[in-house]
Each structure stands twice: as structure tokens, then as C-alpha cells.
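J.: Sharing a structure with you now.
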Amino acid sequence: MPSLSPEQLAEISRRTCGHYDTNAEDFWLGTRDHDVSQNIHALLAAITAEPPWNILDFGCGPGRDLMTFLKADHIPTGLDGAGELCEMAREFSGCPVLHQDFLALDLPSSHFHGVFANASLFHVPSQELPRVLGELYDALLPGGVLFSSNPRGNNVEGWNQERYGSYHDHPAWSDFLTNAGFSPIGHYYRPPGLPREQQPWLASTWRKPEY
């Protein structure tokens, strides 16, 4: 795929975040009852430090999973590129929520025990993914865990109406994560219990080395 210019990257952020801002209420109504307990368990089960844990909900949306982490007595921080969703997440969960473009992150170093990137990293164009993964790696404590769940595909990317998406298969996604320094913990496909062709989501967990 041809290299994306700074102007094109800015357009990707503007349009994608604008879509979520414009449709914030409908997005909340459509996702607030989604059961992602399998994904939350995958992250929490992989963290080996003593709780409570600092958890970054990367692409937190209106705050559904922030509340789940909070009720489990952890210390969650949200992050989203859409200002309307950030406001909704703060109001719903009472947690701190960072309003940051995925392509212009400003995160503390070695702070989080876990990063929960549920249906969010696929919005990062492939050419920017190594940098963004590196920034998430740096934000994790040694031994910290990154969870990701993305719609899978044949390593193509582009516009889906007003949202930009990158759709990777497991080998390609693994290459991105291992090149960023992560070690694999495990992966699975969702929804559970269905034939593979009816499982559009690839979920995976990754660890930052202890040293």
C-alpha cells in the first residue's frame, strides 16, 4: 500500500473520530450490553503483579469496560480519540479519561500493568502501527500485558464509510507485536463456540518482558 502522508493521517483521525462523536449516543446504546467478559478475563488472568492494577482502556468508548475494571477493584484509566465518548466515559465511570488521538499519544512511561485494546487498534493504519505499539510497550511496566481484539482480515486496510480500518490475520498481527518487543501469551477467535468463518474477531494477549 502506498505511504500515507501526514495530511492523509490527519484526515483518518479526523473522520474516524468525527464518526464516533456524531454517533456517540447510538454507539453507546448499541454496545453497552456487549459481553466482552472473555476478553477482560484474558487480560486480567495474564497479569502476574500483585493487585490492584493500573489498567489503560485504550479506545474506552463510553466507559462500559472502565466500570468493569473499577468494580473489580483495579485502577482504570480510559483513552479515546472521540471527545464525546470521553465525556460519556467520565460521567458513566467516574474514572480519568484521556482525550488523545491514537496517532498522537502522550502516555506515562512504565506505568500500566495492563493495556486493554478492545476493538480499537484496528483503526491504526499499518504504517503507523509499529510506532503506536512501541508507545504502548513503553507505557507498560516490565511484565505488563497488552490485550487486543480486532476484526480480522486478509491484511487489507481502508475506509469503511467514515471509519478507517486495518484488518490483519494472525500471522501478520503476530509479526507486528513481536517486532515491537512483545512475547505471545495466547490468542483465540470470537464469538466463542462458532465455526471459524463465523468468528470475525481475533483476540490475543502479549507480554512485555520482565527485564
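J.: Cβ-Cβ distance below 8 Å, separation of 6 or more or different chains: which pairs start in the stretch 73-84 with a residue that is farther than 9 Å from LEU98 by Cα and without any contact (Cβ under 8 Å) to a residue 40 or more places away in the chain and end on one that is part of a loop (DSSP other than H, G, I, E, B) and of a type in the set (Phe, Trp, Tyr)?
T.: Final answer for the pair search is HIS74/TRP53; ILE75/TRP53.
J.: Looking only at the stretch 148-196, count every residue that is small (Gly, Ala, Ser) and assigned to a strand (DSSP E or B) and tell me the total.
T.: Qualifying residue count, the stretch 148-196: 7.
J.: Hey, another quick one. So which of LEU103, LEU85 is of a type in the set (A, V, I, L, M) and out of contact with any Phe, Trp or Tyr (no Cβ under 7 Å at 6 or more places or on another chain)?
T.: LEU103
Let's see how each residue does on (1) surrounded by 17 or more Cβ atoms within 10 Å (Cβ to Cβ); (2) among the aliphatic types (A, V, I, L, M); (3) touching a residue at least 24 places away in the same chain (Cβ under 8 Å); (4) under 22 Å from GLY94 (Cα atoms):
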| residue | (1), (2), (3), (4) |
| --- | --- |
| GLN8 | no, no, no, no |
| ARG15 | no, no, yes, no |
| TRP28 | yes, no, yes, yes |
| ILE47 | yes, yes, yes, no |
| ASN54 | yes, no, yes, yes |
| GLY59 | yes, no, yes, yes |
| PRO62 | yes, no, yes, yes |
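J.: While we're here: Among the residues of the stretch 160-180 satisfying the criterion of being hydroxyl-bearing (Ser, Thr, Tyr) and surrounded by 15 or more Cβ atoms within 10 Å (Cβ to Cβ), which is farthest from LEU4 (Cα to Cα)?
T.: Across the stretch 160-180, the extreme among qualifying residues is SER174.
J.: Turning to a different aspect of this structure: Only one of these is out of contact with any strand residue (DSSP E or B) (no Cβ under 7 Å at 6 or more places or on another chain) and among the small types (Gly, Ala, Ser): ALA117, ALA104, ALA42. Name it.
T.: ALA104
J.: For the stretch 74-88, does any single residue satisfy the condition of being surrounded by fewer than 21 Cβ atoms within 10 Å (Cβ to Cβ), charged (D, E, K, R) and farther than 18 Å from THR22 by Cβ?
T.: Checked the stretch 74-88: no residue is surrounded by fewer than 21 Cβ atoms within 10 Å (Cβ to Cβ), charged (D, E, K, R) and farther than 18 Å from THR22 by Cβ.
Laboratory data are not the source of any read-out in this text; all were calculated from the coordinates shown. Predicted model only: the values in this text are computed from it and were never measured. As a convention, Cβ positions derive from the backbone with ideal geometry for all residues, glycine included, and neighbour counts pool all protein chains shown.
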